[in-house]
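Worksheet: one structure, shown below.
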Amino acid sequence: MDFDSQTPKYLTRKENIIKLILFTAAFALVFINVFQPFNSRQWLTEMSSLRYFLLSSMLVIVGMAVVAISRVIMYKNYGKTKMGLPMLSYLLWVLVEWTSMAVTFAFIEKLLFADQRDFFELMKVSLSNTACVLLLPYAILWLYFSWDDKNERLKKIHEAGRSLINHDSYLPNMVNFYDKNGDARFSVKAKDLVYVQGADNYINVKYMDGQRLSTCSIRGSLVRAANDLKPYGIVRCHRSYLVNTQHIKFLEKKSDAFQVRLDLAQEVYIPISKTYVDDVFQLFSGK
């Protein structure tokens, strides 16, 4: 890890800070009620489960108040400005949050619940428990925010490709393919995409890799791919096929059905069903 680098901006965004506080609070509430830190159930045996839940909720609120104050300060100083937060500073910030919450819980344990153990012993236990309550959800959310940020970048690249203009013609640069969850899985230059074949719950993307026709299989929807790729001159020609009109060499009629021959070294024909024949003719003719 480069400690001199800037912390990713997604860690100081307002919406992500709110998600972090809420997720950490929920995680802490579950942790306290499931694992019952400080051996609390041993000396709270007469307390009902409902009262224990309410007590733990109060502790979570106190702890999250510490985090919320810390993150509001972080957002005002770094989230709302262009000034970056160095990675080392961010890690030290988290360390202070961890220590502050541990001290808060140790004081509550000592003063409100009259725990007879030495305060430093309580601090050791509190630091251990707080690490689980705070650092584990922090790590989970950091991974999630990173994944979400990369996905957003891919979508922006996709949208930017749609807006590219060349010689006053609409000429997208890249086309993206998404899986069934809507996550971008594969990108290829529009001119290199040849055709797409649907197979059950998968789509097989056929594209030119140099002089070789290659395939990328994605668990996705041909319907979605058809909608996304239509502006690129890629048309639905059959219930199982999309074809890039830039790679159509010629169109011919065989018996009662049409098919297109692609401009590949090997002979590759794609069928055209009656349902889509008009769409292919219109796009192929440039109308």
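The values are calculated or read from the model by the stated rules, or taken from the named source; none is laboratory data. Treat the numbers as computed from the prediction; the structure is a model and nothing was measured. Every residue, glycine as well, gets a Cβ built from its backbone with ideal geometry; the counts of neighbours run over all protein chains shown. Just so you know, the surface numbers come from the protein's heavy atoms only, side chains and all, with ligands and any DNA or RNA stripped out. Shrake-Rupley method; radii C 1.70, N 1.55, O 1.52, S 1.80 Å.
Of the helices (runs of 4 or more DSSP H) lying entirely inside region 41-152, those containing at least 3 residues that are at pLDDT below 75 and surrounded by 15 or more Cβ atoms within 10 Å (Cβ to Cβ) are 49-74. Of all the numbered requirements in (1) closer than 30 Å to W147 by Cβ; (2) more than 28 Å from the chain's Cα centre (by Cα), D279 misses one, and that requirement is (1). Screening region 234-287 for residues that are acidic (D, E) and farther than 21 Å from N173 by Cα and picking the one that is surrounded by the most Cβ atoms within 10 Å (Cβ to Cβ) gives D279. Residues that are touching a residue at least 24 places away in the same chain (Cβ under 8 Å) and within 15 Å of V175 (Cα to Cα) within region 202-219 comprise I203, V205, C216, I218, listed in sequence order.
What about R185, is it over 29 Å from K274 (Cβ atoms), touching a Cys at 6+ places or on another chain (Cβ under 9 Å), open to solvent by 20 Å² or more (accessible area, probe 1.4 Å) and at pLDDT below 90? The answer is yes for R185.
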